[in-house]
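The values are calculated or read from the model by the stated rules, or taken from the named source; none is laboratory data. All values reported here derive from a predicted model rather than from experimental measurement. Positions of Cβ are generated from backbone atoms using ideal geometry, with glycine treated the same way; all protein chains shown enter the neighbour counts.
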């Protein structure tokens, strides 16, 4: 017989202590977003599956839990990501003509474990800018990403940057099958030169040279940009991509937050989804990116309103697990008595932001994660807080 208290595989409770840190990071990160002018939205956990999978790839379809709506008979999905939900809100509910800065924090679940993440549930926080094509929006998003990681005190952060524009321009002209497109991506990720050469046998020389050049363009941002200007075949798209990267790197490095900045033009995770700058933040002792972001100008097109868009997201549960911060919650211990004066004193303390724990008879010992370093005692004809 299955134990009723067991949870599904790769699903876990968040216990006192860590949950305090998760909630603290959630509040501080949302406050950071708000300080930049971002407005909070709260999309529903459930949507019709067509809406959830709009503008996403086949991987998201496989990662989405599906169920039948007993009211309509239609298929619903539990969200595995929140980006398309926010795009829907921008396109159909807000419908603003100018820039919209939106942020969110909510639970997402996936059918399978993503390699390196170990959990099928995330508490995803993120920020999105809609309506601005310029590189300024990409820089602001990365400032928010790095600021969020800084709040968690993760230690040294490496920011890897890429650009989907080169590959997208080439593949759009080739009219390849979905399988061939996936193969190009797979070979690039694996830095498999032989596989790419075999796949591109019938391609024109310029396209071949551009794709193969990407394999060697990785490392320190300044060095990669210098080499890219010499090895990439000249074209209007190449010029624009390199200009975007130069402006982006200069803007990011002007931030007061320290980081190691790399460029890897073959690292195009999610290139079918993104249209411009992509970035991923890495920290020690975590096998995958702790935060990812990038430009996806076509995400709203499927909702009938194509707008420039860029954003990032981070899993707060993973962030808390890597954080060096320690949340120590201090409280006041108070006796449990039927005294109006005592109850008034407790209410006043709680109103002032203090935590007051009433000690019930027979349970005077506090076993919570909160530290009761003070106590409420009756002294000099009044209730007073004194060191414990």
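Among the residues of the stretch 168-196, which ones are closer than 20 Å to residue 235 by Cβ, part of a helix (DSSP H, G or I) and modelled with pLDDT under 85?
168, 169, 170, 171, 172, 173, 174
Among the residues of the stretch 56-86, which ones are closer than 21 Å to residue 304 by Cβ, in contact with a helix residue (DSSP H, G or I) (Cβ under 9 Å, 6 or more places away or on another chain) and at pLDDT 90 or above?
Those that are closer than 21 Å to residue 304 by Cβ, in contact with a helix residue (DSSP H, G or I) (Cβ under 9 Å, 6 or more places away or on another chain) and at pLDDT 90 or above: 74, 77, 79, 81, 85.
Hey, among 242, 278, which residue is out of contact with any helix residue (DSSP H, G or I) (no Cβ under 9 Å at 6 or more places or on another chain) and crowded, with 16+ Cβ neighbours inside 10 Å?
278
How many of the residues making up the stretch 29-63 are farther than 23 Å from residue 80 by Cβ and either loosely packed, with under 14 Cβ neighbours inside 10 Å or in contact with a strand residue (DSSP E or B) (Cβ under 6 Å, 6 or more places away or on another chain) (or both)?
Here the count works out to 5.
Among 374, 350, 295, 307, which is the only one that is without any contact (Cβ under 8 Å) to a residue 12 or more places away in the chain and in contact with a strand residue (DSSP E or B) (Cβ under 6 Å, 6 or more places away or on another chain)?
The unique qualifying residue is 350.
Which condition does residue 331 not pass, out of (1) in contact (Cβ under 8 Å) with a residue 40 or more places away in the chain; (2) loosely packed, with under 15 Cβ neighbours inside 10 Å; (3) within 39 Å of the chain's Cα centre (by Cα), if it passes all the others?
(2)
Tell me which residues, restricted to the stretch 367-379, are loosely packed, with under 14 Cβ neighbours inside 10 Å and modelled with pLDDT under 90.
Matches in the stretch 367-379: 367, 368.
Of the residues that sit in the stretch 244-268 and are farther than 18 Å from residue 166 by Cα and part of a helix (DSSP H, G or I), which one is modelled with the lowest pLDDT?
253
Condition test on residue 46, is it within 21 Å of residue 117 (Cβ to Cβ), within 22 Å of the chain's Cα centre (by Cα) and free of Cβ contacts under 8 Å to residues at least 60 places away in the same chain?
No: the conditions fail for residue 46.
Restricting to the stretch 289-328, name every residue that is in a loop (DSSP other than H, G, I, E, B) and modelled with pLDDT under 90.
296, 297, 298, 299, 300, 304, 305, 306, 307, 326, 327, 328
Which of the residues belonging to the stretch 126-181 are on the phi > 0 side of the Ramachandran plot and in contact with a strand residue (DSSP E or B) (Cβ under 8 Å, 6 or more places away or on another chain)?
131, 155
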